[in-house]
Amino acid sequence: MPFRLILIGPPGVGKGTQAALLEEHLKVKPLSSGVIFRQEIEADTDLGQLAKSYIDRGELVPNGVTIQMMIKRLRSDDVRRNGFVLDGFPRTVRQAEALDVELQNEQVVLDRVILLSVSDEVVVRRLAGRMGCTKCGEIYHSTNKPPAREGLCDKCNSQLLVRKDDNPETIRERLRIFREETAPVAEYYRAQGLLKDVDAAGDAVDVYALCTEGLVS
Ligand code: AMP
């Protein structure tokens, strides 16, 4: 049975890492709005150019274009067949409402929404030193998870880059927006009885065990 999951949490909490583990073990398709935006920027599309101006400042890309982009992905055959883990979407209550309408139309339900939490201190520590693959999105860290060859992805050999929005000033802005815009999304799902709170301070494998507790028998 395909799982349909959502990961919510501040930047640097480990959503991408958990999405990759969920893909590996549950065969769900990871859909990261941030990764998709960065691919659009890389390809220099109109959407990429629009998104870049917001992303570089740590602000949210407007709801309309974000919702449209994610719904298009949710309708792909692969996602319909294998389920999904959403990482970074929905980030506003409006996005969550639009997603609900889409899931109703598709006649599917969410299995679980996971809220990953850590202190701001841990966020800043994890983001300083984070690097991502420009092609496959694999995440590395200069001390916690260094690549085998400096600056190159272990998986696909492409170049690793430090994200432009992983600087202290933009991180502060992203944390502020998380509290104001995205924390209410967690409460929206809590009210629906779908939310699981997970302490994400431990290492990735332990956090994964907490995320999937009771989900797979
Ligand atoms: P992330 O990779 O999830 O940290 O996202 C990077 C940036 O992309 C965010 O700081 C936002 O500028 C933008 N972004 C990603 N997802 C969304 C979303 N659901 N709504 C609006 N903006 C988003």
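The values are calculated or read from the model by the stated rules, or taken from the named source; none is laboratory data. Quantities reported herein were computed from a predicted structural model and do not represent experimental measurements. Methodologically, a virtual Cβ is constructed for each residue, glycine included, from the backbone with ideal geometry; neighbour enumeration extends over all protein chains shown.
Collect the residues in the range 58-78 that are over 17 Å from residue 182 (Cα atoms) and within 11 Å of the ligand (Cβ to nearest atom), keeping them in residue-number order. Don't jump to the end; show me each part of the working.
If we filter the range 58-78 for residues that are over 17 Å from residue 182 (Cα atoms), which is where we start, we get 65, 68-69, 71-78.
Listed by number, the residues that qualify are 65, 69.
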Report summary line: Residue pairs qualifying under the 7 Å Cβ cut-off, at least six apart or on distinct chains, with the first in the range 48-63 being part of a loop (DSSP other than H, G, I, E, B) and the second being more than 9 Å from the ligand (Cβ to nearest atom) and charged (D, E, K, R), are 56/164
Report task. Scan 38, 57 and give me the residue that is surrounded by fewer than 17 Cβ atoms within 10 Å (Cβ to Cβ), among the basic types (Lys, Arg) and either at pLDDT below 95 or touching a Gly at 6+ places or on another chain (Cβ under 7 Å) (or both). Result -> 57
Query raised in the report: Is it the case that residue 81 is within 9 Å of the ligand (Cβ to nearest atom) and surrounded by fewer than 16 Cβ atoms within 10 Å (Cβ to Cβ)?
Result: no
Query raised in the report: Here are some conditions: (1) in contact with a Ser or Thr (Cβ under 8 Å, 6 or more places away or on another chain); (2) more than 11 Å from the ligand (Cβ to nearest atom); (3) charged (D, E, K, R). Residue 27 meets all but one. Which one does it not meet?
Result: (1)
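Residue-wise test of (1) buried (at least 18 other Cβ atoms within 10 Å of the Cβ); (2) under 19 Å from residue 130 (Cβ atoms); (3) touching a residue at least 60 places away in the same chain (Cβ under 8 Å); (4) within 16 Å of the ligand (Cβ to nearest atom).
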residue: 149; (1), (2), (3), (4): no, yes, no, no
residue: 156; (1), (2), (3), (4): no, yes, no, no
residue: 159; (1), (2), (3), (4): no, yes, no, no
residue: 164; (1), (2), (3), (4): no, yes, yes, yes
residue: 167; (1), (2), (3), (4): no, yes, no, yes
residue: 171; (1), (2), (3), (4): yes, yes, yes, yes
residue: 189; (1), (2), (3), (4): yes, no, yes, yes
Query raised in the report: Are any residues in the range 14-27 part of a loop (DSSP other than H, G, I, E, B) and modelled with pLDDT under 95, and if so, which ones?
Result: 14
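Take the conditions touching a Leu at 6+ places or on another chain (Cβ under 7 Å) and not acidic (Asp, Glu) and apply them to residue 124. Does it pass?
Working: touching a Leu at 6+ places or on another chain (Cβ under 7 Å): no; not acidic (Asp, Glu): yes.
The answer is no for residue 124.
Output the residues belonging to the range 1-12 that are outside any strand (DSSP E or B) and either without any contact (Cβ under 8 Å) to a residue 40 or more places away in the chain or more than 10 Å from the ligand (Cβ to nearest atom) (or both).
Within the range 1-12, the subset outside any strand (DSSP E or B) is 1-2, 9-12.
Passing the criteria: 1, 2.
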Query raised in the report: In the range 33-42, is there at least one residue being in a loop (DSSP other than H, G, I, E, B) and more than 25 Å from residue 125 (Cα to Cα)?
Result: no
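Take the range 33-47 and flag every residue that is more than 10 Å from the ligand (Cβ to nearest atom) and in contact (Cβ under 8 Å) with a residue 40 or more places away in the chain.
From the range 33-47, those more than 10 Å from the ligand (Cβ to nearest atom) are 39-40, 42-47; that's our starting set.
Across the range 33-47, the qualifying residue is only 42.
Consider the range 64-88. How many of its residues are part of a loop (DSSP other than H, G, I, E, B) and either among the polar types (S, T, N, Q) or closer than 17 Å to residue 105 by Cβ (or both)? Can you show your working first?
Keep residues of the range 64-88 that are part of a loop (DSSP other than H, G, I, E, B), which gives 75-76, 88.
The next check asks that each one be either among the polar types (S, T, N, Q) or closer than 17 Å to residue 105 by Cβ (or both); those that pass are 75-76.
Final tally of qualifying residues: 2.
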Requested in this report: Return yes or no: is residue 94 more than 28 Å from residue 204 (Cα to Cα), modelled with pLDDT of 95 or more and not in a loop (DSSP other than H, G, I, E, B)?
Outcome: yes
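May I ask you to list the residues in the range 118-172 that are assigned to a strand (DSSP E or B), farther than 16 Å from residue 203 by Cα and among the hydrophobic types (A, V, I, L, M, F, W, C)? Even if it seems obvious, please write down each step before you answer.
Pass one, the range 118-172, residues assigned to a strand (DSSP E or B): 130-133, 139-141, 145, 152, 159-161.
From the residues that got through so far, the ones that are farther than 16 Å from residue 203 by Cα too are 131-133, 152, 159-161.
131, 133, 152, 160, 161, listed by residue number.
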